[in-house]
Amino acid sequence: PYFALPALKYLMPGQNCFGLFVERQTGGISNLIGVALFEARKPIRSFPLPHLRAFESIHSYLCGFVLDKEHTADARRMIFEWLKTNRHRWHGVYINNAAQEDLFTEESQQIALETGLKWTTYSTWQRAILSTKNLNSPLHTPSRHALKDYQRHMRNLQSAGRFEWVVLSGKRPLDKSIHELIRLENMGWKREQGTSIASNPNHLRFFHEMTTAFNQVGRLFFTEVHLNDICIASTINLISGP
């Protein structure tokens, strides 16, 4: 919700989006175990029938279903059953940037088979992730060429002044880091092409509301490169799950 609600509010106003919510009843108490956000799409040349597209904004890196890890099969089965029931209204679902483990596990494939659904893969690619458990330990040993390149860059930075690489996290306000990232991104080619966050008031509002919400629950961290106490590079990282 920290991402989807601001995106719906500022990036996709007027779009025909809706949510499917799956709840589990236990002792008269309802618990949310699954969410699927969709955008109803009209026929297009590549898909000449009314269809659904899994919610995805211009800033989304992943899309698909959000499922409780303790009740993944039940939540997925309910979503698939709902899609099957509405197959005459919407003749397919397109999911862009779906994680392989979301749709193509043996369990997921079996549930799809039971409900008469079939997923078709258009393309696959690898995406880098950063584990928050070992921020100071590389996941694998870099190649000799990459290591020499890294060491050369480090020597150049250190010769220019006092160099620091810092990680900023926790529930403390990270307003300064948010401001620095926006400032840095707006200094280069993205500003010239009009694609930086600061170039569009709605994207700026989305970014502030989204980062503030993630920050309040401790699921946001920045990595910054400082040279003589001035931030010269920054990355923003959203923590998925725990």
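Kindly indicate the residue of region 61-88 that is of a type in the set (Phe, Trp, Tyr) and open to solvent by less than 70 Å² (accessible area, probe 1.4 Å) and also modelled with the lowest pLDDT among those meeting that condition.
That would be Phe65.
Is one or more of the residues making up region 99-108 over 24 Å from the mean Cα position of the chain (by Cα) and either buried (at least 16 other Cβ atoms within 10 Å of the Cβ) or not charged (D, E, K, R) (or both)?
No, there is no match, as no residue in region 99-108 is over 24 Å from the mean Cα position of the chain (by Cα) and either buried (at least 16 other Cβ atoms within 10 Å of the Cβ) or not charged (D, E, K, R) (or both).
Could you grab me the full set of residues in region 22-39 that are in contact with a strand residue (DSSP E or B) (Cβ under 6 Å, 6 or more places away or on another chain) and of a type in the set (A, V, I, L, M, F, W, C)?
Once the filter is applied, which keeps residues that are in contact with a strand residue (DSSP E or B) (Cβ under 6 Å, 6 or more places away or on another chain) and of a type in the set (A, V, I, L, M, F, W, C), region 22-39 yields Val22, Leu32, Ile33, Val35, Ala36, Leu37, Phe38.
Scan region 208-219 and give yes if some residue there is free of Cβ contacts under 8 Å to residues at least 40 places away in the same chain, among the hydroxyl-bearing types (Ser, Thr, Tyr) and farther than 20 Å from Tyr2 by Cα, otherwise no.
Within region 208-219 (the criterion being free of Cβ contacts under 8 Å to residues at least 40 places away in the same chain, among the hydroxyl-bearing types (Ser, Thr, Tyr) and farther than 20 Å from Tyr2 by Cα), the answer is no, since none of the residues qualifies.
Under 7 Å between Cβ atoms, at least 6 apart or on separate chains: pull out the pairs that start in region 156-172 with a residue that is touching a residue at least 40 places away in the same chain (Cβ under 8 Å) and end on any residue that is open to solvent by 60 Å² or more (accessible area, probe 1.4 Å).
Listed by first residue and then by second, the contacts come to Gly161/Asn228; Arg162/Asn228; Lys171/Gln216.
Are any of the residues in region 50-60 in a loop (DSSP other than H, G, I, E, B) and modelled with pLDDT of 95 or more?
Looking for residues that are in a loop (DSSP other than H, G, I, E, B) and modelled with pLDDT of 95 or more, one finds at least one in region 50-60, hence yes.
Taking only region 12-49 into account, find how many residues are of a type outside the set (A, V, I, L, M), more than 20 Å from Arg89 (Cα to Cα) and open to solvent by 70 Å² or more (accessible area, probe 1.4 Å).
9
Just to be sure I understand, how many residues within region 216-230 are in a loop (DSSP other than H, G, I, E, B) and farther than 27 Å from Leu157 by Cα?
So the count comes out to 3.
Looking at (1) open to solvent by 90 Å² or more (accessible area, probe 1.4 Å); (2) within 25 Å of Glu23 (Cα to Cα), which is the only condition Ala54 fails?
(1)
Quick one: which of Asn136, Asn156 is open to solvent by 70 Å² or more (accessible area, probe 1.4 Å) and at pLDDT 90 or above?
Testing whether each residue is open to solvent by 70 Å² or more (accessible area, probe 1.4 Å) and at pLDDT 90 or above leaves just Asn156.
Taking the residues in region 18-31 that are part of a strand (DSSP E or B) and farther than 18 Å from Asp102 by Cβ as candidates, determine which candidate is modelled with the lowest pLDDT.
Among residues in region 18-31 that are part of a strand (DSSP E or B) and farther than 18 Å from Asp102 by Cβ, the one modelled with the lowest pLDDT is Thr26.
List the number of the failed condition for Arg162; all other conditions in (1) touching a His at 6+ places or on another chain (Cβ under 9 Å); (2) within 23 Å of Ser240 (Cα to Cα); (3) not aliphatic (A, V, I, L, M) hold.
Failed condition: (2).
So that you can scan it fast, the table gives a plain yes or no per residue for (1) at pLDDT below 95; (2) outside any loop (DSSP other than H, G, I, E, B); (3) not aromatic (Phe, Trp, Tyr):
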residue	(1), (2), (3)
Arg183	no, yes, yes
Glu192	yes, yes, yes
Phe207	no, yes, no
Asn237	yes, yes, yes
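Determine if region 2-11 includes at least one residue that is open to solvent by less than 80 Å² (accessible area, probe 1.4 Å) and at positive phi.
Within region 2-11 (the criterion being open to solvent by less than 80 Å² (accessible area, probe 1.4 Å) and at positive phi), the answer is no, since none of the residues qualifies.
The values are calculated or read from the model by the stated rules, or taken from the named source; none is laboratory data. None of these values were measured; they are calculated from a predicted model. No Cβ is skipped: glycine too gets one built from the backbone with ideal geometry, and neighbour counts run over all protein chains shown. Heads up: the accessible areas ignore ligands, DNA and RNA and are worked out on the full protein's heavy atoms, side chains in. Shrake-Rupley method; radii C 1.70, N 1.55, O 1.52, S 1.80 Å.
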